[in-house]
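Encoded as structure tokens, the structure appears first; notes follow it.
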Amino acid sequence: MRNRYVGKKIDRVDARDKVTGKALYSADFYLEDMLYLKVLRAPHPHARIKSVDVSKARTIPGVAMAISAKDVPWVKNFGMIFKDQEVLVREKTRYMGDALAIVAAETETIARQALDYIEVDYEPLPVISDPLKALEKESPYIHEPREENCDPGLNPGNLLCTHRLERGDLERGFSEADVIVENEIRTPHIEHVALQPEAGVAKYDKETGVCTMWVATQWLHDIQADVAQALDMKTEQVQIIQPAIGGAFGKREDVSVHIIIALMAILTGRPVKMEMTREELMITQNKRHPIIFRHKTGVKKDGTITAWKAEVIGDTGAYASTGSAVVHQALYMCTGPYNVPNLSGVSYTAYTNNTYAGAMRGFGATQAAFAYETQMDCIAAELGLDPLEFRKKNAYELGSMTPNGQILTTSVGVKDTLEKAAEVFGYKPDQLSKEENGKIRGIGVASSMFGCGYGEGFPDHSIVDLEVTDEGKILVHSAAADVGQGILTVVCQIVAEVLDIPLELVELAPGDTHTSKNAGSTSATRQTIFSGNAAKLAAEELLGKIYHRASLELVKHHPQFLVQEGEIVLQGTETRISLAELAKIAREKGDPLHAEGCYFPRTDVPDEATGQGNLVYVAYTFNTHIAEIEIDKYTGETRVLRVVAVPDVGRVINRIGVEGQSEGGTVMGVGMALMEKQVIEEGITKNADLSTYLIPTSLDMPEIITEIVESGDAAGPYGAKGIGEPALLPAAPAIINAIYNATGVRFFHTPVTPDQVFKAIKDREKKNS
Amino acid sequence: MAKVKVEFKVNGREYSREVEAATRLLDLLRNELGLIGTKEGCGKGECGTCTVLMDGKPVNSCLVLAPQANGREILTIEGLSSGDRLHPLQDAFIKKGAVQCGYCTPGILISAYYLLKNNPRPNRDDIKEGISGNLCRCTGYVKIIEAIESVTEGREGHEE
Ligand code: FES
Ligand code: FES
């Protein structure tokens, strides 16, 4: 059957509001009589707080309220997995973003100025900014020690958690190897730079006890629960209405302004607004985890991998956030889409006094991909094999086993992505570099895998609810956060596809904790699979209900009538009932046209000691990039000229959406490879703005060709898999592998900057002469 | 703080407001006139989300003080379409998939509008240069450039 919408290029349902400036983001809400909030942050990354005195700030005209921790002793800690973060710091700061006091004032300027009148007395403690140092037993504790789950020999106050992978016989694997390659690979702190800064507006209704907020989040119901528990409220007393979201990339998985605005709306009894500055959010909000990978791989001369040992150390900074999950995902994806019979790995997540790290596009798998694709390239070079052929030789097929022990039984397109990429690029193994007029060109390859959904036995699910309105439109209630990736367009597309109606008849209600049910998080590249499936189930159910009601009204059966273009048509006659009429009849008869779809797949918790399980993730997305770069020998500057990106998405739902993710992910990878690093020295960020932390502009982007592989038959609707995070994974390693092919110099970190390339070329020339 | 009178035209309409001298044009537009289509991404002239035209020239409205706009003419995203009729650039942004989160969109549309006004037949490099002061983290710029290209002179209505 041909699809009407699925697989096509579909205009976004929210695009018109966005091009006219009508879309409302968090900061665009203005309530009557609103107060503005500002927060005093830590004076030192690690300090014992002796006192915080807000009394002078309270006397400033226009200040309505100023509080510190001792004014709200009843407020509880928050955190996504571990509740280890304080809303207002009580005894000590652990990083520069810790909040010490909050001011509410008539204007933002007054609130900001009032912060200068708050007096803080503190005693500095030693700062630990190196995760390896943090893990040493002798280092000072950043958090209360937790001996029970700490490896002996490591620091119980700074080790958050340990994870393991064990499979096969590592020793035998290494003894079968002809060559053993060992490398240490490191990634830095990276900032999301979602263009919309964190902001929110809240009001509190004393009568009902409900606090209503307009604030962006990737997961409405999770943030709702965290706010409620922190402020000792019932969940239903916290209402979050989802505004338009100006990008997220993992940044908005964490709490930012949420608890603060709710707290101050309750305490002041007036509506409040808070907007973080770019500098404040760069210092305060989550980062991409810096991760150290120590890889040791055994391989036969013919390129067969026999054994792989991995050690993964992640710096989660001052608080856990999602750090335990990020770092173990880096471990669980540590060998990429390649067959490895004997495997042993361990990961450690360490606290430091750096800005805390959490989710960022790829969630550990991005760092992992850079590391394994560097390692794979080194092995190919060592064996004198073509890097693309070497990858193909080891790439997954049906029946392959992931690092977690999951046997892949469907939708394994990784080889196809490698082959397609080579074909579209015009890849020639003997032409991976050339030099002309002081410019050196290089070509690099990288592939990647990503497990979609939370998996690992987490109760991950999504619910979509549909109703037929009196106008005969289909109203969709979904709490899925559209952070720009286009999930709500995908949901509408699927509903229109199933009901065979014009897309214009599908309308969206705003995501709202009080009118839409849990859709899970917009993360883990899961929404197309989860909310897409939920939408499909709901639409199928609704279609059944429409048929049911129509058959009662027409006293006829399917296929004598059809649902078409928003009407029920009795075949071969002029008789038609509009959906609006049918909805009215159905409601009058006490059985409204309404349906709910819930997608709640099973996954397994991997075994704690070995990390092995049967069904750890619902689907895996693969992606291969081939990048061509050009280096200016005299400046060391690298330009990315061209990237061929070939993701395997199972099945395309919105073609323009998949391309958009691929292009955006690729350019984010250019930034990761060549530009981006949040420099945090001794806990202090040195580049907290966009003129010192650079991201790619239109002048930095390469030509990007996205060719999509549809291996089909994946867990998502119509066989789809996700694309959001996998779009980024191979970009940076492909570029850095291209730098290697151009110069013969291998870099084991990101970003690779012009001074480093220049020096490397010079050193090499010196050595060769 | 001393109040200053600002009389200016925004999207063809006359406004007169008393503001504190240190008020930014961005805040005057958003907080006083309710023109929230203009966004703040950095407040430091680094991101371009606050781009508007002042007397026909693009400025970062976060770096312009409201009194500097006295007697000037401002164009914001709200002034790009006429009633329900979208500007061809807006149409192209929708059709080409140039919008994702949309936070950069108003600023980029204003930059693109300025570019085409002054150079109706820009090539790819001109377009890249023309929007280089506007960051976009979502799209990788590819579809934004395609959208602008599709409405350059002689290519209107061009479909692939
Ligand atoms: S807000 Fe004005 S340039 Fe960023
Ligand atoms: S569309 Fe999100 S920043 Fe451009």
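Across region A:189-211, which residue is farthest from A:GLU236 (Cα to Cα) among those that are more than 16 Å from ligand 2 (Cβ to nearest atom) and within 14 Å of another protein chain (Cβ to nearest Cβ)? Step by step, filter region A:189-211, then rank; the result is A:ILE190.
Okay, residues lined up against (1) under 24 Å from A:GLY722 (Cα atoms); (2) without any contact (Cβ under 8 Å) to a residue 12 or more places away in the chain:
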{"position": "A:VAL491", "(1), (2)": "yes, no"}
{"position": "A:LEU505", "(1), (2)": "no, no"}
{"position": "A:SER516", "(1), (2)": "yes, no"}
{"position": "A:ALA519", "(1), (2)": "yes, no"}
{"position": "A:GLU540", "(1), (2)": "yes, no"}
{"position": "A:SER551", "(1), (2)": "no, yes"}
{"position": "A:HIS558", "(1), (2)": "no, yes"}
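Scanning region B:30-79 for residues that are of a type outside the set (S, T, N, Q), within 17 Å of A:THR277 (Cβ to Cβ), surrounded by 23 or more Cβ atoms within 10 Å (Cβ to Cβ) and away from ligand 2 (no atom under 16 Å from the Cβ) yields a single hit, B:CYS62.
Close contacts from region B:35-50, counting a first residue that is under 28 Å from B:GLU14 (Cβ atoms) and facing chain A (nearest Cβ under 7 Å) and a second that is surrounded by fewer than 22 Cβ atoms within 10 Å (Cβ to Cβ) and among the hydroxyl-bearing types (Ser, Thr, Tyr), with Cβ to Cβ under 7 Å and a gap of 6+ residues or different chains, come to B:GLY43/A:THR277.
Where helices (runs of 4 or more DSSP H) sit wholly within region A:204-318, none has at least 3 residues that are of a type in the set (Ser, Thr, Tyr). Screening B:ILE127 with (1) among the aliphatic types (A, V, I, L, M); (2) more than 15 Å from ligand 2 (Cβ to nearest atom); (3) not in a helix (DSSP H, G or I) gives one miss only, at (3). Would you point out the residue of region B:51-69, among those that are assigned to a loop (DSSP other than H, G, I, E, B), within 14 Å of ligand 1 (Cβ to nearest atom) and more than 15 Å from B:ILE108 (Cβ to Cβ), that is nearest to the other protein chains (Cβ to nearest Cβ)? The selected residue is B:CYS62. Just one of the listed residues (A:LEU694, A:LEU728, A:LEU699) is open to solvent by less than 50 Å² (accessible area, probe 1.4 Å), modelled with pLDDT of 95 or more and either assigned to a helix (DSSP H, G or I) or of a type in the set (A, V, I, L, M, F, W, C) (or both), and it is A:LEU728.
So, B:ARG72, is that one in the same structural domain as B:TYR15 (by TED's automatic domain parsing), away from ligand 1 (no atom under 16 Å from the Cβ) and charged (D, E, K, R) or not? For B:ARG72, the condition - in the same structural domain as B:TYR15 (by TED's automatic domain parsing), away from ligand 1 (no atom under 16 Å from the Cβ) and charged (D, E, K, R) - is met.
Residues in region B:132-149 that are within 16 Å of A:PRO702 (Cβ to Cβ), within 12 Å of ligand 2 (Cβ to nearest atom) and either of a type outside the set (Phe, Trp, Tyr) or at pLDDT below 95 (or both): B:CYS136, B:THR139, B:GLY140, B:VAL142, B:LYS143, B:ILE144. Taking the numbered list (1) under 24 Å from A:LYS18 (Cα atoms); (2) away from chain A (no Cβ under 11 Å); (3) among the small types (Gly, Ala, Ser) in turn, B:SER16 passes all entries but (1).
Only one of the listed residues (A:GLU373, A:GLU382) is surrounded by fewer than 22 Cβ atoms within 10 Å (Cβ to Cβ) and assigned to a helix (DSSP H, G or I). That residue is A:GLU382. Being without any contact (Cβ under 8 Å) to a residue 40 or more places away in the chain, crowded, with 19+ Cβ neighbours inside 10 Å and closer than 30 Å to A:TYR30 by Cβ holds for only one residue in A:LEU100, A:LEU88, and it is A:LEU88. In the set (1) within 12 Å of chain A (Cβ to nearest Cβ); (2) within 13 Å of ligand 1 (Cβ to nearest atom); (3) over 21 Å from B:ARG13 (Cα atoms), the condition left unmet by B:ALA98 is number (2). What residue, among those in region B:135-149 that are more than 8 Å from chain A (Cβ to nearest Cβ) and open to solvent by less than 10 Å² (accessible area, probe 1.4 Å), is farthest from ligand 1 (Cβ to nearest atom)? For region B:135-149, the residue satisfying everything is B:ALA147.
Looking at region A:622-637, can you tell me whether even one residue there is in the same structural domain as A:LEU343 (by TED's automatic domain parsing), hydroxyl-bearing (Ser, Thr, Tyr) and in contact with an Asp or Glu (Cβ under 8 Å, 6 or more places away or on another chain)? No, region A:622-637 contains no residue that is in the same structural domain as A:LEU343 (by TED's automatic domain parsing), hydroxyl-bearing (Ser, Thr, Tyr) and in contact with an Asp or Glu (Cβ under 8 Å, 6 or more places away or on another chain). Considering only residues in region B:80-109 that are assigned to a loop (DSSP other than H, G, I, E, B) and in contact (Cβ under 8 Å) with a residue 60 or more places away in the chain, the one that is nearest to ligand 2 (Cβ to nearest atom) turns out to be B:CYS104.
Screening the candidates A:SER321, A:SER256 for the property of being open to solvent by 10 Å² or more (accessible area, probe 1.4 Å), within 15 Å of A:TYR356 (Cβ to Cβ) and hydroxyl-bearing (Ser, Thr, Tyr) yields one hit, A:SER256. Quick one: in region B:112-134, which of the residues that are in contact with a strand residue (DSSP E or B) (Cβ under 8 Å, 6 or more places away or on another chain) and more than 10 Å from chain A (Cβ to nearest Cβ) is farthest from ligand 1 (Cβ to nearest atom)? The selected residue is B:TYR113.
On inspection, A:LEU508 fails the criterion of being more than 17 Å from the chain's Cα centre (by Cα), open to solvent by 30 Å² or more (accessible area, probe 1.4 Å) and under 28 Å from A:VAL605 (Cβ atoms). The condition of being open to solvent by less than 30 Å² (accessible area, probe 1.4 Å), among the hydrophobic types (A, V, I, L, M, F, W, C) and within 30 Å of A:LYS38 (Cα to Cα) holds for only one of A:LEU160, A:LEU165, A:LEU195, A:LEU135, that being A:LEU195. Selection of region A:461-492 for residues being more than 16 Å from A:ILE241 (Cβ to Cβ), open to solvent by less than 10 Å² (accessible area, probe 1.4 Å), in a loop (DSSP other than H, G, I, E, B) and more than 14 Å from every other protein chain (Cβ to nearest Cβ) yields only A:GLY472. Give just the number: which of (1) within 16 Å of ligand 2 (Cβ to nearest atom); (2) over 16 Å from the mean Cα position of the chain (by Cα) does A:GLY247 not satisfy? Against the list (1) within 16 Å of ligand 2 (Cβ to nearest atom); (2) over 16 Å from the mean Cα position of the chain (by Cα), A:GLY247 comes up short only on (2).
The values are calculated or read from the model by the stated rules, or taken from the named source; none is laboratory data. In this text, all values refer to a predicted model and were calculated from it rather than measured experimentally. Positions of Cβ are backbone-derived with ideal geometry, glycine not excepted, and every protein chain shown enters the neighbour counts. Remember, those area values only see protein heavy atoms, side chains included, never the ligands or the DNA or RNA. Shrake-Rupley method; radii C 1.70, N 1.55, O 1.52, S 1.80 Å.
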